[in-house]
1. Antiparallel versus total DSSP beta bridges in the chain: what percent is that, nearest 5?
2. Alpha carbon centre of the range 303-319 versus the range 73-103: separation in Å?
3. How high is the relative contact order of the range 24-216, given as a whole-number percent (alpha carbon pairs under 8 Å, six or more residues apart)?
4. Which ³J(HN,Hα) values in Hz, rounded to whole numbers, follow from the phi angles of the range 261-270 under the Karplus curve 6.51 cos²θ - 1.76 cosθ + 1.60, where θ = phi - 60° and Gly and Pro get x?
5. Using 0.36 nm times the number of residues separating Leu34 and Lys92, minus their current alpha carbon distance, what extension gain do you get?
6. Taking all pairs of distinct Cα atoms, average 1/r, flip it, and tell me the Kirkwood hydrodynamic radius of the range 24-216 in Å to one decimal place.
7. Can you figure out the FRET efficiency of Asn326 with Leu365, using R₀ = 22 Å and their beta-carbon distance, to the nearest 0.05?
8. For the range 24-216, what is the percent of antiparallel DSSP beta bridges, rounded to the nearest 5?
Amino acid sequence: MNKFSNIFILFAAAIITACSGGGNRSTRYDGDTLKLKYAENLTIVRYDEYTTVQLADPWNKGKTLHTYILVPHNQPTPHNLPQGTLVSIPLKKTVIATSVHCGLVESLGKRECIRGVCDLQYINLPWVVEQCKRGAVADCGSGLAPTIETIIDIAPDAIFLSPFQNNGGYGKLEDINVPIIETADYMETSALGRAEWMKYYGMLFGAEKEAEEMFAQIEADYLHLKQLAKTSSTRPSLIMDKQTGSVWYVPGGCSTVGRLIQDANIEYPYAQDDHSGSLPLPFESVLEKAGDCDIWAFRYSSPSPATFASVLSEHHGYSQLKAYRNHEMYGCNTVTSTFYEDTPFHPNLLLRDFIIMAHPDLDSLGTTQYFIKIDH
């Protein structure tokens, strides 16, 4: 072997070493990726000393919204960690800005980890409400502008906040050196995809096994109900929600609710739409496209139950809806129900309601839990 061959071998070895990052960094490339069956915006990779969680940016395809590095609190922080927000797990003290995630944490058996909440007036969980009255859980004000001083007093391990497109960051919360957990699960494109995020949240709270078992039960029930819906002899159409202010927000065709409606074997006017969020539409547009729907299901917030008269008093145009004229209206009062606390991570419960509303021939499911038929 001549000297030129030796030089080539040494040069190749140097390239290989450089590309592998050296011995101390090799674990970054031999992690085990957690197989997720439905979630599209979540990637979890386990390494010997830490776990990386990457959230895809649902508004900018191909980009990353946030990367988290989860490290067990009882071990030293590993050297040469990849870039990302370091989170010591399991979390013991948290501030949670949404009733949705308060409900999930409680269902995972970790409600004692909730030390602060936002938008308390919208939370219907009895334990949280009672603890806030006693002062054991702090009211941290609005989720859009939390009270910084209260959060600092809590000294939480993490703050759970919902990200929004072009929200411009989280202001002063980013300056208090507390990890912000961006709860982007609501931008998933399937109900089971959103629910599967509980596996990630279970990791954060040391309830991974509980989350795995709970999701398996939810998945089995959801798939069973989906198959049951296909056996119905009917396939009615449905329009969702009602006008708020000057626009009518309807679930996009690729949103969790939009897909769930279709899984209930219901014709959805916006099924071909490719948005995973809500569509803000003028009343006239909804009336033209969905005015002839057989069923109208909407969420509302009121101290008293909705009636035909109260609905019509909000907008006289509702009388033009076929479902209004035929008295096929179902309302979910979020003041008195736990819709937002339950259904995002237990979509089987919502699927059951839609099947009962749309397929009376499948009478073995009983009565609806969240959407109550308006009969006067």
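1. Approximately 45 percent, going by the DSSP bridge assignments.
2. Centre-to-centre (Cα) distance: 45 Å.
3. Relative contact order of the range 24-216: 20 percent.
4. 4, 5, 5, 7, 6, 10, 6, 10, x, 9
5. That works out to 18.5 nm of additional length.
6. Roughly 17.3 Å, rounded to one decimal.
7. 0.50
8. 45 percent
Laboratory data are not the source of any read-out in this text; all were calculated from the coordinates shown. A quick note: this is a predicted structure, and the numbers were derived from the prediction, not measured. Cβ sites come from the backbone with ideal geometry, for glycine too, and all protein chains shown count toward neighbours.
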